[in-house]
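The values are calculated or read from the model by the stated rules, or taken from the named source; none is laboratory data. Source: prediction; values computed, not measured. Glycine gets a Cβ as well: all are built from the backbone with ideal geometry, and neighbour counts include every protein chain shown. In case anyone asks, the SASA skips ligands and DNA or RNA and just uses the protein heavy atoms, side chains included. Shrake-Rupley method; radii C 1.70, N 1.55, O 1.52, S 1.80 Å.
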Amino acid sequence: MPFFKKNEKAAAVSEALPVHIGIIMDGNGRWAKKRGLPRKAGHSAGAKTFRKITRYCSDIGIKYLTVYAFSTENWKRPEDEVNSLMNLFKPYLEEALADFKDDSIVVKFIGDKAPFSDDLKKLMIENEKSSADRDGMVLNIAMNYGSRDEIVRAVKNISSDVKNGRLSENEIDEQLVSDYLYTAGQPDPDLIIRPSGEYRISNFLLWQSAYTEFVIMNKLWPDFEKSDLDEAIQIYAGRNRRYGGV
Ligand code: IPE
Ligand code: IPE
Ligand code: MG
């Protein structure tokens with residue numbers, strides 16, 4: 001039984017439904033290793049899970065979903081693994097993102113697009129442009145994303161705007177810093193889920209997750225089911241968020 005029925009509006013359900021969910025899609029390599037398969041088979045399986053869980057989040061009324069697909073540190077992996085990931089992204093961005101059209105999903109990429117091939121960059125920009133006017137869930141795909149890198153960029157942009165007179169120093173506050181991040185204009189994540197049992201944030205949404213609830217699950221990402229998402233939401237719903245108060 002799904003936790004929330006298809007197409008239920010967030011407002012109509014309960015406060016228990018997070019507005020913004022982040023997912024660290026981890027465990028593809030271990031999933032493949034367990035089966036004696038190459039790591040890239042794990043990434044293909046993980047990509048399918050991404051498609052399934054994204055549509056499910058949209059169906060149950062999640063407003064924002066941010067998925068961590070490739071970090072600024074993942075370039076350190078062996079060349080053939082990085083190449084297989086890049087080769088996987090292209091058909092994925094073509095097929096899966098065409099799919100998301102039916103669900104009116106707005107697609108955004110967070111992270112620095114510069115190091116990707118021209119083909120990939122073009123696909124990312126096309127997807128952002130063609131989905132911008134949709135009215136469904138906002139899907140942020142974090143690709144070459146690192147939160148420290150994001151914060152450094154924000155600091156540089158703020159400082160150049162102060163220098164060129166577009167901004168005065170006393171306008172700098174928490175809201176302004178948020179507005180210089182890739183996630184500008186979006187609410188902070190309520191819930192971050194990390195499958196694969198790792199208890200760390202790995203440079204994901206550091207600023208934005210100041211008061212996010214974390215749910216760590218043991219399932220490896222390619223095995224992650226809709227029912228695991230329901231379970232994470234249920235755990236979240238049972239938390240008492242205090243934001244430093246009592
Ligand atoms: C996540 O799975 C995918 C990426 C980081 C690109 P991993 O590849 O990190 O899988 P494990 O953690 O080695 O199992
Ligand atoms: C985080 O997973 C990045 C993504 C899932 C894209 P990693 O597998 O890279 O993180 P660590 O190395 O275990 O911290
Ligand atoms: Mg990993």
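Filtering region 38-75 to residues that are away from ligand 1 (no atom under 12 Å from the Cβ) and hydrophobic (A, V, I, L, M, F, W, C) leaves Ile53, Cys57, Ile60, Ile62, Leu65.
Which pairs turn up if I take residues in region 182-193 that are in contact (Cβ under 8 Å) with a residue 24 or more places away in the chain and look for partners that are among the charged types (D, E, K, R) with beta carbon separation below 6 Å, at least 6 apart in sequence or on another chain? Every condition considered, the pairs that remain are Tyr182/Glu150; Leu191/Glu213. Taken over region 201-241, the criterion of being farther than 30 Å from Asp173 by Cβ and acidic (Asp, Glu) is satisfied by Asp223, Glu225, Asp228, Asp230, Glu231. The single condition among (1) open to solvent by 30 Å² or more (accessible area, probe 1.4 Å); (2) assigned to a helix (DSSP H, G or I); (3) within 16 Å of ligand 1 (Cβ to nearest atom) that Val82 does not meet is (1). Checking each residue in region 161-188 for being polar (S, T, N, Q), under 29 Å from Val106 (Cβ atoms) and not in a loop (DSSP other than H, G, I, E, B) picks out Gln175, Ser178.
Taking region 189-214 as the search range and keeping residues that are in a strand (DSSP E or B) and either farther than 18 Å from Pro18 by Cα or more than 16 Å from ligand 1 (Cβ to nearest atom) (or both), which one is most open to solvent (accessible area, probe 1.4 Å)? Don't jump to the end; show me each part of the working.
Step one: list which residues in region 189-214 are in a strand (DSSP E or B), which gives 191-194, 213-214.
The next check asks that each one be either farther than 18 Å from Pro18 by Cα or more than 16 Å from ligand 1 (Cβ to nearest atom) (or both); those that pass are 191, 213-214.
Details: Leu191: 0, Glu213: 32, Phe214: 76 Å².
Applying the filter and picking the extreme gives Phe214.
Of the listed requirements (1) touching a strand residue (DSSP E or B) at 6+ places or on another chain (Cβ under 7 Å); (2) more than 16 Å from Gly46 (Cα to Cα), Val67 misses just one: (2). Restricting attention to region 62-79, the residues that are surrounded by 14 or more Cβ atoms within 10 Å (Cβ to Cβ) and either under 19 Å from the mean Cα position of the chain (by Cα) or hydrophobic (A, V, I, L, M, F, W, C) (or both) total 12. Residue-level analysis places Tyr68 among those that are within 16 Å of ligand 2 (Cβ to nearest atom) and under 22 Å from Gln208 (Cβ atoms).
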